[in-house]
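> Attaching a single structure in structure tokens format; questions to follow.
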Amino acid sequence: MKKIICAHLYNDFSGSPLVLSTVIKGFKNEGLNVEIITSTESQGFLSELDVEYQNNGYKFWENKYLRLIMFLICQVKMFYQTFRYRNEDVVIYVNTLLPFGVAIAGKLMGKKVVYHMHETSLNPLILKNFLKWIASKTASEAIYVSEFLSKKEGLNNVSSNVIYNTLSDDFIKTAKAFKKLKSTKNDFVILMLCSLKSYKGVNEYVALAKTLSDFTFDLVLNATESEIEVFFSGKELPQNLNLYPKQSNVHRFFQKADLVLNLSHPEQWVETFGMTLLEGMQYGLPTIAPPVGGPTEIVFPKVNGYLIDQRHQDELAQQIKKIATDKKLYHNLSRNAKEIVQQFTMEKMGGKLLEVVN
């Protein structure tokens, strides 16, 4: 039975480990033996999977110099953790550009190295170029989460495969159960899930909440309560805004929401896909996303949502009001969202992934 060695630098509740957890479950369903090299001391979507773990020891540091030192130390450790498989029949599966030590080990061992590419907004540029160079020299195959990413960040002389992210079977099953429990309510709830970064549109979301005081705004952040407190220290927050720290289970937020937003800054952070948008669509929720990058491949204006730049606050507010008050429009957007999300199933993704690793 073929063994897949998956590597991810930092396990948390962000998009790339979520996608990898879905990929791993798909591999397991196909009878493949999977092991993970990641940060086991942190909690995230890669925690408590039915696989064997190796801890790379990575910890996030706010100080950028300490973070760089930790990053480089982990590459050396992951290199040796991977090299132990030199006498086994394995495929090396590198999630994001960051675990380059694993890719180098895989190349030196003569193993198949598959990169799963998620990012384009990686800083500083010198680091991004270095990681892409390593990937182009070590990868046997590259998987991109969108056509946009494939064209923007394609690796030279490496076979390219566009495989859209999908929702796990567990997520779909739970969502269907939650939808049955959804009660009739009068308030209109807007939801955004993202990292606690300014370029993710956090401040613009707060501004929208102030403008649209008749609506409820839920903001779920991939951060601790103390980090949230520091970020918003000294800022006046509207009473219709609810802040939540990192969550292992987000279903309750989608269950009560009516609309999902993504307000990432196109000039600073281009979204390459948009998993939270897809999750919202599973619940039949219309979506509003940036007009660039991966979201343009899953959000279609006037069909299942709208594409609006976060800098256009007036347009955003006007469109949200229209979605909230026009019942016919909302019904059409919701129905189309449910139909479109059916294209993103684990069954379709799994078959393509198996073709790549085999």
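> By how many degrees, between 0 and 90 and to the nearest 10, does the Cα long axis of helix 125-138 differ from the longest principal axis of the chain?
Approximately 50 degrees, to the nearest 10.
> Output the direction-averaged projected area (hull surface divided by four) of the convex hull of the alpha-carbon atoms of segment 83-155, in nm².
4.5
> Still on this structure, please answer the following. Counting other beta carbons within 10 Å of each Cβ, put L98, L241 in order, fewest first.
In increasing order of surrounding Cβ atoms, one gets L241, L98.
> In whole Hz and in residue order, list the ³J(HN,Hα) couplings for segment 311-328 that follow from phi through the Karplus curve 6.51 cos²θ - 1.76 cosθ + 1.60, θ = phi - 60°; x for Gly and Pro.
Listing the rounded values in order: 6, 9, 4, 5, 5, 4, 4, 5, 6, 5, 4, 5, 4, 6, 9, 8, 5, 5 Hz.
> Which far-off residues, 5 or more places away or on another chain, put their amide H under 5 Å from the one on G305, with H placed in the peptide plane?
T287, F300
> Measure nothing but the geometry: give the 0 to 90° angle between the long axis through the Cα atoms of 346-357 and the longest principal axis through the Cα atoms of the chain, rounded to 10°.
20
> Turning to a different aspect of this structure: Per q in 0.10 1/Å, what log10 I(q)/I(0) does a Debye calculation on the alpha-carbon atoms of segment 70-223 return?
Reported log10 I(q)/I(0), two decimals: -0.56.
> Excluding S195 itself, calculate the net charge of residues whose Cβ lies under 13 Å from the Cβ of S195, where each Lys or Arg counts +1 and each Asp or Glu counts -1.
Once positives and negatives cancel, what remains is -1.
> A further question on this structure: Under 12 Å from the Cβ of P286, count the other residues' Cβ atoms, weight Lys and Arg +1, Asp and Glu -1, and hand me the total.
Surrounding charge for P286 is +2.
> Just how large is the dipole of the chain about the Cα centre, in debye to the nearest 20, putting +1 at every Lys and Arg Cβ and -1 at every Asp and Glu Cβ?
Taking the Cα centre of the chain as origin, the dipole is about 440 debye.
> Same structure again: Rounded, prolate or oblate: which fits segment 3-162 when a ≥ b ≥ c are the square roots of the eigenvalues of the alpha-carbon gyration tensor, with rounded for a/c under 1.5 and prolate only if a/b beats b/c?
The shape class here is rounded.
> Starting at the first residue of segment 106-120, write each ³J(HN,Hα) from the Karplus equation 6.51 cos²θ - 1.76 cosθ + 1.60 with θ = phi - 60°, in whole Hz, x for Gly and Pro.
Coupling constants for segment 106-120: x, 5, 5, 7, x, 8, 6, 10, 10, 9, 9, 8, 10, 10, 10 Hz.
> Quick one: T174, T22, fewest Cβ neighbours within 10 Å first, how do they rank?
T174, T22
> Provide the packing ranking of 112-123, 338-349, 25-36, i.e. peptides ordered by the mean count of other C-beta atoms within 10 Å per residue, highest first.
Ranked from most to least packed, the peptides come out as 112-123, 25-36, 338-349.
> Provide the percentage of antiparallel DSSP beta bridges, counting only those with both residues in segment 169-343; round to the nearest 5.
Antiparallel: roughly 0 percent of the beta bridges in segment 169-343.
> Where does the charge balance sit around T276 when Lys and Arg score +1, Asp and Glu -1, over other residues with C-beta under 14 Å from its C-beta?
-1
> A further question on this structure: Counting pairwise Cα distances across the chain, what percent come out greater than 38 angstrom?
More than 38 Å apart: 17 percent of the Cα pairs in the chain.
Since every read-out is calculated from the coordinates, none of them should be taken as a lab result. Computed from a prediction, not measured in an experiment: that's the story for all the values here. So basically every Cβ, Gly included, is an ideal-geometry build from the backbone, and we count neighbours across all protein chains shown.
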